[in-house]
Amino acid sequence: MTGLNFADVMQLAIIGLAQGSLYSLIAIGLVLIYKATEQINFAQSEFMMLGAFFGFQFIVLWGMPFWLGFLLAIAVLGGIGYTYDALVIRRMTGQPVFVVFILTLATGIVLRALAGMFWGFDSFSLPSMMPGTIDLTGVIIGWDHVIAILAAALLSLALFLFFRFSRVGIAMQALSLNQLAAFYMGMPVKRLTSSIWALAAMFGALAGLLLGPIALVSTQIGFIGFKAFAGAIVGGFGSIPGAVLGCLLIGFAEPFFDTAFPTLKGVGAYVIMFAVLLVRPQGLLSQMHQKKV
Amino acid sequence: MFNTPIWGPAMTDLLKLENVETFYGRVMAIRGVSLSVLEGKIVSIMGSNGAGKTTILKTISGALDPFKGSIKLDGNEISSQDPDVVARMGVAHVPEGREVFSLLSVRDNLMLGAYCRRDRGAVQQDFEKVLGWFPDLRSFIDKQAAYLSGGQQQMLALGRAFMQKPRLMLLDEPSLGLSPRLIGEIFDIIKHINREEGVTMLLVEQNAAVALETCDFGYVMETGRIVMEGDRDRLLASENIQEFYLGVKDEGVREERRWKGKKTWR
Ligand SMILES: Nc1ncnc2c1ncn2[C@@H]1O[C@H](COP(=O)(O)OP(=O)(O)OP(=O)(O)O)[C@@H](O)[C@H]1O
Ligand SMILES: [Mg+2]
């Protein structure tokens, strides 16, 4: 750690925050689904992977304008998330939680294989939203990193406002709090739940599309989803601000950890998770009121 | 000469159950219940713990599917519909234990009752009506529902159901855990909603005194069956009801009661 000057530290910090921002986009999807249905979606990382692959298909292979391909990829994943819940997960209502757990895990494996079939198992990179670098008083940072941070911050804020003020957002909160009461109010609970899956998949897709220019995209990209899990758990699974915070913390600490312990590269996220859970088993921001049931 | 009036509002069943059976797994909780609720009336179902009162309401509102039998709302079969569909057909279920949205504000809770309504102006009027009936709710309007007392949560659940603009309300033990004074207040509003707003009520109660005071017609349930029915006066006059549900005892002839041996009247 001795060789780090101020500029190096800043650079690692921003890269780490960018990485943490991407984890948080994935984790938001996990927590949305968990809060709404008490189910855990192990295919969330594969939603991210598919987001990147569809972006690659539309922008690189089909030569669509960047923004069109970008938004279309997100929309396609929204459709996939919605349909997956409507056709598969919804039927599992009343089954033990581990059934859905294994089902989504299996879905992730199948999606990875399918993606490999269509797009191959090689790595590729996505075009950048804004190529080039920015000079922050001596610290040279790629725009892609800055955009990842800004996009995650903006979307977290948008999501907060959506849940706080929009009619549909409040209804989604209501069904997360008490599904049966939501049914009794006449809310279209099934459609709303599928919409939450759509939202989760879209957040995953966005993470994939933002990650594409930073890291190489391949069918193995989904493994960073585990770090999003670690971040969500650090934050107190079930709280969106907690998940964002936990992911930022893990992302931020990771590059420093990797620099300090090069031989343990990649396990920093889990070491942090372990450390936080030893001190606060409920996570950093666990919900004050526990849900009934 | 005429049994039914040929002018004036027709007396029709808003809700009609025929031979309904409901199971929890292999346990039969409702054993062939038939009942009807006339439009505009308050009908009560009385019975002790575990009689099946909550189960019958859940079966009507679609939270449970009956194994057998028919449930008709205004002549339409609703027994296999999802609860949100039944709710949108005009049935508001005020569940046992209130089930308010704990982390949402009182305002959001009330407005969620009106989630499926499009008549914005009328929604606003109904909102004001509810706050007029329950001034407590007005003073907590932007607080989370979790901070309300049990009685205030009952008011919220009732107000939220009214915001649905229902034709039929299913009330599951609104008196549960409330002080006699508060019970009086809440039942006054229930009667008001029935008379002034024209909402038909199916009221489930263990508290037979309150139920009989409020209802036009009543049923008594025991272990999944209806064991007695009648209009309010008949039930009030019934000795069974007097002794077992109202706690009135006629010491002298008590031992001779023939029904004493009946298994259902434990
Ligand atoms: N989820 C369940 N699973 C299995 N059995 C149940 C379930 N809920 C209720 N029962 C059983 O069904 C029967 C009827 O229960 P129900 O809740 O309808 O009674 P109730 O009349 O509402 O009683 P209370 O006055 O205590 O609320 C009881 O014997 C109860 O044990
Ligand atoms: Mg009950």
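Just so it is clear, none of the values below were taken in a lab; they were calculated from the coordinates. The model shown is predicted, which means the values in this text are computed figures rather than measured ones. Glycine gets a Cβ as well: all are built from the backbone with ideal geometry, and neighbour counts include every protein chain shown.
Key figures
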read-out	value
Pairs from A:35/B:16; A:35/A:265; A:35/B:68; A:190/B:58; B:72/B:191; B:41/B:129 whose Cα-Cα separation, in the structure shown, is over 27 Å	A:35/B:16; A:35/A:265; A:35/B:68
Sequence-distant residues sharing a close amide H with residue B:38 (under 5 Å, placed H)	B:14
Net dipole in debye of the range A:4-277 [+1 Lys, Arg Cβ; -1 Asp, Glu Cβ; about Cα centre; nearest 20]	880 debye
Unit charges on C-beta of K, R, D, E only; dipole of the protein assembly as shown, Debye	520 debye
Förster radius 41 Å - calculated FRET efficiency between residue B:18 and residue A:102, Cβ distance, rounded to 0.05	0.45
Distance between modelled label sites at residue A:282 and residue B:179, nm, 7 Å Cα→Cβ extension	3.1 nm
Per-residue [θ]222 nm for chain B (sum of -39500 (n - 2.57) over DSSP H runs n ≥ 4, rounded to 500)	-10000 deg cm²/dmol
Residue order, fewest to most beta carbons within 10 Å, for A:184, A:270	A:270, A:184
Vicinal HN-Hα couplings computed from phi for the range B:91-97 (Karplus, 6.51 cos²θ - 1.76 cosθ + 1.60; Hz; Gly/Pro x)	10, 10, 9, 9, x, 4, x
Listed residues B:139, B:105, B:79, most fluctuating in chain B (Gaussian network, C-alpha, under 10 Å)	B:139
Listed residues A:67, A:52, A:166: farthest to the positive end of the dipole of the range A:4-277 (Cβ charges)	A:166
Inter-label distance, nm, simple model (7 Å from Cα along the C-beta direction), residue A:75/residue A:134	2.9 nm
Residues B:220, B:210, B:27 arranged by fewest to most Cβ contacts within 10 Å	B:27, B:210, B:220
Per-residue average of Cβ from other chains inside 10 Å of B:99-105	6
Partner chain coverage, peptide B:114-122 - average Cβ within 10 angstrom	2
Taking A:247, B:116, B:215 and counting other C-beta atoms within 10 Å, the order from fewest to most	B:116, B:215, A:247
The range A:17-28 - phi-based ³J(HN,Hα) in whole Hz, Karplus 6.51/-1.76/1.60, Gly and Pro as x	5, 4, 4, x, 4, 5, 4, 5, 4, 5, 5, 4
Cα gyration tensor category, rounded, prolate or oblate, for the range A:1-62 with a/c compared to 1.5	oblate
Computed [θ] at 222 nm, deg cm²/dmol, chain A (DSSP H ≥ 4; -39,500 (n - 2.57); rounded to nearest 500)	-22500 deg cm²/dmol
R0 of 41 Å, Cβ-Cβ distance residue A:153-residue B:26: FRET efficiency to nearest 0.05	0.15
Of B:152, B:242, B:164, the one that fluctuates the most in a GNM where chain B has Cα springs shorter than 10 Å	B:242
Among B:96, B:243, B:222: highest mean-square fluctuation, GNM of chain B, C-alpha pairs under 10 Å	B:243
Theoretical FRET efficiency, 1/(1+(r/R0)^6), r = Cβ-Cβ of residue B:197 and residue B:234, R0 22 Å, to 0.05	0.20
Chymotrypsin sites (Phe, Trp or Tyr not before Pro) lying in DSSP loop within the range A:1-77, provided at most 11 other Cβ fall within 10 Å	A:62
The range B:93-165: trypsin sites (Lys or Arg not before Pro) in DSSP coil with no more than 15 other Cβ atoms inside 10 Å	B:118, B:143
